[in-house]
Amino acid sequence: MRIFFKQFVTLIKVALALLFLGGLSYYIIDKIQEKNNLMDIEEYSPKSTLVNKETPVFRSKYPFVDVHNHQFDMPVKDLKKLTAEMDSLNMGFMINLSGFRGLYLRKSLENIRENAPNRFGLFLNVDFEAIDEADFQETQVALIDSAVAAGVLGLKVYKSLGLTSRDSSGNRIAIDDPRLDPIWKACGDHKIPVLIHSGEPASFWQPKDKYNERWLELRQKPGRYRDPELNPSFEEILLEQHAVFKKHPHTLFINAHLGWMGNDLDRLGAHLDAYPNVRTEIGAVLAELGRQPKRARQFFIDYQDRILFGKDSYNVSEYYTYFRVLETDDEYFEYYRKRHAHWRMYGLSLPDTVLQKLYYKNALELFPSIDKTLFNP
């Protein structure tokens, strides 16, 4: 017992010594950093001294359709509260891409019908990892048939297809796997769009070094890094996605997040030229547009019939930055999330005719069931 007690006391002493040395080391390092004016990049948040025009916009100039939203609790969501927030933003209609399937989908549709029948639309989500089941194709087509009959507006494809989704043998399921063709065809037959998110920013495949402009995001969200040794390349993912667009010209696709080509609008323009059955949307990529206002403004004018408004993650205050970039000519103002953009934003000051198409006219053309009276002047 005495030996055990002595060992315990010794262990406590060692632990306290280590804590003391650790604390002392931390204190010394902190003082050295303070003396040499060193700080982490996450701490550095300079306030601009530039005196310029500020035009805060809390409500869009025209009512809008958000075609890229996620409400993961839709079966039990308080839609009165949500529609009140939408009204404050001038959002006429929200499309929840996370409709899933089965009981979840039925309960979501039920909640909408009972509480806000003309304000929300749902997209279906299918299980691609069931691809090896004997009746996979028939089951998925039947699922799409029944979902459309129930009022579903489209199919949402998550980025997992092409990146992490696996078949029963553990092999990656390519976006253009021919076993998925009946799904794309069924959507075309029903004239419902497929909003497809493929890949991620190309920087997520690049070395995590001082030259990577998404370094901060990869530091804060290390799971977003795509090790080239373990993942298909960025270009491979895009090639697979574009092959689907080419193979199914009678199906309309919405290439999410500007197809991750917002940093190369010439390439995105060529992409839209090559695939007349493709539209795109601006969810979560506003920062790409706000740093190139001249080029982005011209892009919106040139492709005004092909771009939809989307936001992605739902946060009321973040919409204000979208409105300010799209509607004003303000210069050098902050984005709302540092890891997405350590640069400043500039307003595009889009013409009213372009804004109207972006905010609602293009969406009403794709989704004729939306109540058009919500967008009367």
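The values are calculated or read from the model by the stated rules, or taken from the named source; none is laboratory data. Quick caveat, the model's predicted, so the values are computed rather than measured. Cβ sites come from the backbone with ideal geometry, for glycine too, and all protein chains shown count toward neighbours.
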Have a look at 122, 97 and point out the one that is out of contact with any Asp or Glu (no Cβ under 8 Å at 6 or more places or on another chain), modelled with pLDDT of 95 or more and within 23 Å of residue 166 (Cα to Cα).
97
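Taking region 167-188, which residues are basic (Lys, Arg) and over 29 Å from residue 366 (Cα atoms)?
Answer for region 167-188, where residues must be basic (Lys, Arg) and over 29 Å from residue 366 (Cα atoms): just 172.
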Some residue of region 111-133 being in the same structural domain as residue 168 (by TED's automatic domain parsing), in a helix (DSSP H, G or I), surrounded by fewer than 15 Cβ atoms within 10 Å (Cβ to Cβ) and not aliphatic (A, V, I, L, M)
yes
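Go through the residues of region 344-357 one by one and say whether even a single one is closer than 30 Å to residue 113 by Cβ, of a type outside the set (D, E, K, R) and in contact with a Phe, Trp or Tyr (Cβ under 8 Å, 6 or more places away or on another chain).
Applying the first criterion (closer than 30 Å to residue 113 by Cβ) to region 344-357 yields 356-357.
Applying the additional criterion that residues be of a type outside the set (D, E, K, R) yields 356.
The next check asks that each one be in contact with a Phe, Trp or Tyr (Cβ under 8 Å, 6 or more places away or on another chain); those that pass are 356.
Yes, that holds for at least one residue.
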Given (1) outside any helix (DSSP H, G or I); (2) surrounded by 11 or more Cβ atoms within 10 Å (Cβ to Cβ); (3) aromatic (Phe, Trp, Tyr), number of the condition residue 104 does not satisfy
(1)
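Is it true that some residue in region 222-230 is buried (at least 18 other Cβ atoms within 10 Å of the Cβ), among the aromatic types (Phe, Trp, Tyr) and touching a helix residue (DSSP H, G or I) at 6+ places or on another chain (Cβ under 7 Å)? Reasoning before the result, please.
As a first pass, look at region 222-230 and keep what is buried (at least 18 other Cβ atoms within 10 Å of the Cβ): 225-226.
So of that shortlist, the ones also among the aromatic types (Phe, Trp, Tyr) come out as 225.
Filter again for touching a helix residue (DSSP H, G or I) at 6+ places or on another chain (Cβ under 7 Å), leaving 225.
Yes - at least one qualifying residue is present in region 222-230.
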List pairs: first in region 350-371 and over 16 Å from residue 278 (Cβ atoms), second of a type in the set (Lys, Arg) and part of a helix (DSSP H, G or I), Cβ under 7 Å, 6+ apart or cross-chain?
350/297; 364/372
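Each row is one residue, and each column tells you yes or no for (1) closer than 14 Å to residue 306 by Cα; (2) within 20 Å of the chain's Cα centre (by Cα); (3) surrounded by fewer than 17 Cβ atoms within 10 Å (Cβ to Cβ).
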position: 335; (1), (2), (3): no, yes, no
position: 338; (1), (2), (3): no, yes, yes
position: 352; (1), (2), (3): no, no, yes
position: 355; (1), (2), (3): yes, no, no
position: 359; (1), (2), (3): yes, yes, no
position: 365; (1), (2), (3): yes, no, yes
position: 368; (1), (2), (3): no, no, yes
position: 372; (1), (2), (3): no, no, yes
position: 375; (1), (2), (3): no, no, no
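Tally the residues that are polar (S, T, N, Q) and either in a helix (DSSP H, G or I) or touching a Ser or Thr at 6+ places or on another chain (Cβ under 7 Å) (or both), restricting the search to region 183-238.
Our first condition is that a residue be polar (S, T, N, Q); within region 183-238, this holds for 198, 203, 206, 212, 220, 231, 233.
From the residues that got through so far, the ones that are either in a helix (DSSP H, G or I) or touching a Ser or Thr at 6+ places or on another chain (Cβ under 7 Å) (or both) too are 203, 212, 220.
Residues flagged as polar (S, T, N, Q) and either in a helix (DSSP H, G or I) or touching a Ser or Thr at 6+ places or on another chain (Cβ under 7 Å) (or both) within region 183-238 amount to 3.
The rows are residues; the columns are (1) at pLDDT 95 or above; (2) out of contact with any helix residue (DSSP H, G or I) (no Cβ under 8 Å at 6 or more places or on another chain); (3) farther than 20 Å from residue 366 by Cα; (4) among the β-branched types (Val, Ile, Thr).
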| position | (1), (2), (3), (4) |
| --- | --- |
| 58 | yes, no, yes, no |
| 65 | yes, no, no, yes |
| 73 | yes, yes, yes, no |
| 85 | yes, no, yes, no |
Number of the condition not met by residue 335 [criteria: (1) of a type outside the set (A, V, I, L, M); (2) farther than 28 Å from residue 40 by Cβ; (3) part of a loop (DSSP other than H, G, I, E, B)]:
(2)
Please enumerate the residues belonging to region 264-277 that are aliphatic (A, V, I, L, M) and surrounded by fewer than 19 Cβ atoms within 10 Å (Cβ to Cβ).
270, 274
Can you find a residue that is in contact with a His (Cβ under 6 Å, 6 or more places away or on another chain) and either surrounded by fewer than 19 Cβ atoms within 10 Å (Cβ to Cβ) or among the aliphatic types (A, V, I, L, M) (or both) anywhere in region 285-292?
yes
Members of region 351-372 that are in contact with a Ser or Thr (Cβ under 8 Å, 6 or more places away or on another chain) and closer than 17 Å to residue 155 by Cα:
none
Conditions (1) touching a Pro at 6+ places or on another chain (Cβ under 7 Å); (2) more than 23 Å from residue 176 (Cβ to Cβ) -> residue 252 fails only (2)
Just a yes or no: is a residue in region 355-367 under 30 Å from residue 42 (Cβ atoms), at pLDDT 95 or above and in the same structural domain as residue 282 (by TED's automatic domain parsing)?
no
